[in-house]
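Enquirer: Quick one: structure below, then a few questions.
The values are calculated or read from the model by the stated rules, or taken from the named source; none is laboratory data. Source: prediction; values computed, not measured. Backbone-built Cβ (ideal geometry, glycine too); neighbour counts: all protein chains shown.
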């Protein structure tokens, strides 16, 4: 694959822009304003004019918290012809939660649209017959998980023949979850598309292979500097303790929280389950979100947490993808994540909507250099928790 056109704005300062200057129409801007979205983020500033004007292939490296949903969602909405009944835009996401989150945001952006743009979310775990029925209505944009989309295509519930723009969100996560075959099928079923917009936090070999096989060699490329992404309202701390001391540290911390709510991240399913049992035994209102849960069980856990019936949630990295819960005061990392980018994913669950939050990482003495590495690579400053 030829080198894509580099539009890397790492470390550069840009003049502030409004969404109007980026080319977003007034009715969509009104929807943004109601959501409190006034100033474009870096990726929105760079991606939106490019996608509105050109609309061709784009490869963007961006983590959660950069504002990427609006970066691809707003240009996609401007490309839709509301008078045509067929599916013109297709967004693929790795998890049901993320798909629903994207669908909800697109719906909110179009609240004041002059002509209604219909968005349908198709994800695993939901009633497939209900989805088949919903697709009988006019649908302009589909947001889907890969497996459920292929299932519905096999049922002839929809066709992708009119799709002009294909968006892959969190492409690395989809490949790590085993969706390569489905993604290849989706690329094959949308050969007539005018643009493919791929967003990914990391770029392993499998992503490079997908790009080479399925995207233009002249694709534009954007990259967000990781240090620029980190939310400055988060207080980053670490605590040194042995593996055996971690549960005791967490329990003492939780006792001090009163009504405050938060997330505890574990690296493995087994670790999350064990910690959940330990904290439940100590009397804490906790629940566990891990990959072996059925969709129904997962929905029950998330509903309980969102409705504040559960104060604390323990989760693995993959299981937590797409979680969007407001008002969380803290994040605890039982272990450091395997990939650097996951630290940003995890810590970004707190300090939302202008609020402050704390991110505490529990490390064993030998892991102290890893904190220094996080500071250097992400531009963070850690303090030792007291």
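Enquirer: Based on this model, can you work out whether residue 264 counts as crowded, with 19+ Cβ neighbours inside 10 Å, touching a helix residue (DSSP H, G or I) at 6+ places or on another chain (Cβ under 8 Å), part of a helix (DSSP H, G or I) and in contact (Cβ under 8 Å) with a residue 24 or more places away in the chain?
Expert: no
Enquirer: Moving on. Scan segment 149-165 and give yes if some residue there is part of a strand (DSSP E or B) and either more than 28 Å from residue 54 (Cβ to Cβ) or in contact (Cβ under 8 Å) with a residue 40 or more places away in the chain (or both), otherwise no.
Expert: The answer is yes, given that some residue of segment 149-165 is part of a strand (DSSP E or B) and either more than 28 Å from residue 54 (Cβ to Cβ) or in contact (Cβ under 8 Å) with a residue 40 or more places away in the chain (or both).
Enquirer: Of everything in segment 232-248, what is assigned to a loop (DSSP other than H, G, I, E, B) and closer than 14 Å to residue 386 by Cβ? Give them in sequence order. Walk me through how you get there before you give the answer.
Expert: Residues of segment 232-248 that are assigned to a loop (DSSP other than H, G, I, E, B), as a first pass: 232-233, 241-242.
Matches in segment 232-248: 241 only.
Enquirer: Restricting to segment 193-218, what's the tally of residues that are part of a loop (DSSP other than H, G, I, E, B) and within 17 Å of residue 166 (Cα to Cα)? Reasoning before the result, please.
Expert: Restricting attention to segment 193-218, the residues satisfying the condition of being part of a loop (DSSP other than H, G, I, E, B) are 193-194, 201-204, 215-218.
Subsequent filtering for residues that are within 17 Å of residue 166 (Cα to Cα) retains 193-194, 215-218.
So the answer is 6.
Enquirer: When segment 153-173 is examined, which residues are found to be on the phi < 0 side of the Ramachandran plot and crowded, with 19+ Cβ neighbours inside 10 Å? Spell out how you get there, then give the answer.
Expert: Going through segment 153-173, the residues on the phi < 0 side of the Ramachandran plot turn out to be 153-155, 157-169, 171-173.
Within segment 153-173, 158, 160, 163, 164, 165, 166, 167, 168, 169, 171, 172, 173 qualify.
Enquirer: Right, something else. Would a scan of segment 103-110 turn up a residue that is part of a helix (DSSP H, G or I) and free of Cβ contacts under 8 Å to residues at least 24 places away in the same chain?
Expert: Yes.
Enquirer: Only one of these is exposed (fewer than 15 other Cβ atoms within 10 Å of the Cβ) and either over 22 Å from residue 173 (Cβ atoms) or without any contact (Cβ under 8 Å) to a residue 12 or more places away in the chain (or both): 377, 364, 326. Name it.
Expert: Every option except 326 fails the conditions.
Enquirer: Hey, can you tell me all the residues within segment 47-58 that are surrounded by 24 or more Cβ atoms within 10 Å (Cβ to Cβ) and touching a residue at least 40 places away in the same chain (Cβ under 8 Å)?
Expert: 47, 51, 58
Enquirer: A follow-up question, please. Take the residues in segment 335-350 that are under 14 Å from residue 236 (Cα atoms) and modelled with pLDDT of 80 or more, then tell me which one is surrounded by the most Cβ atoms within 10 Å (Cβ to Cβ).
Expert: Out of the qualifying residues, it is 347.
Enquirer: Okay, moving on. I'd like to know if segment 125-132 contains one or more residues that are closer than 21 Å to residue 194 by Cα and at pLDDT 95 or above.
Expert: no
Enquirer: Would you confirm, using the coordinates I've provided, whether residue 78 is part of a helix (DSSP H, G or I) and within 26 Å of residue 352 (Cβ to Cβ)?
Expert: No.
Enquirer: Next up: I'd like the full set of residues that are modelled with pLDDT of 90 or more and either assigned to a loop (DSSP other than H, G, I, E, B) or in contact with a helix residue (DSSP H, G or I) (Cβ under 6 Å, 6 or more places away or on another chain) (or both), limited to segment 44-58.
Expert: Narrowing segment 44-58 to residues modelled with pLDDT of 90 or more: 44-53, 56-58.
Within segment 44-58, 44, 47, 48, 51, 52, 56, 57 qualify.
Enquirer: Return yes or no: is residue 89 touching a helix residue (DSSP H, G or I) at 6+ places or on another chain (Cβ under 6 Å) and within 24 Å of residue 179 (Cα to Cα)?
Expert: Yes: the conditions hold for residue 89.
Enquirer: Restricted to segment 267-285, and to residues that are farther than 26 Å from residue 339 by Cα and in contact with a strand residue (DSSP E or B) (Cβ under 7 Å, 6 or more places away or on another chain), which residue is surrounded by the most Cβ atoms within 10 Å (Cβ to Cβ)? Steps first, answer last, please.
Expert: Residues of segment 267-285 that are farther than 26 Å from residue 339 by Cα, as a first pass: 277-285.
Going one step further and asking which of them are in contact with a strand residue (DSSP E or B) (Cβ under 7 Å, 6 or more places away or on another chain), we end up with 279-280, 284-285.
On the way: 279: 21, 280: 14, 284: 17, 285: 15.
Only one residue tops the list, namely 279.
Enquirer: Next up: Return the residue satisfying two criteria in turn: it lies in segment 11-36 and is outside any helix (DSSP H, G or I) and modelled with pLDDT of 90 or more, and of such residues it is farthest from residue 378 (Cα to Cα).
Expert: Top of the filtered list is 25.
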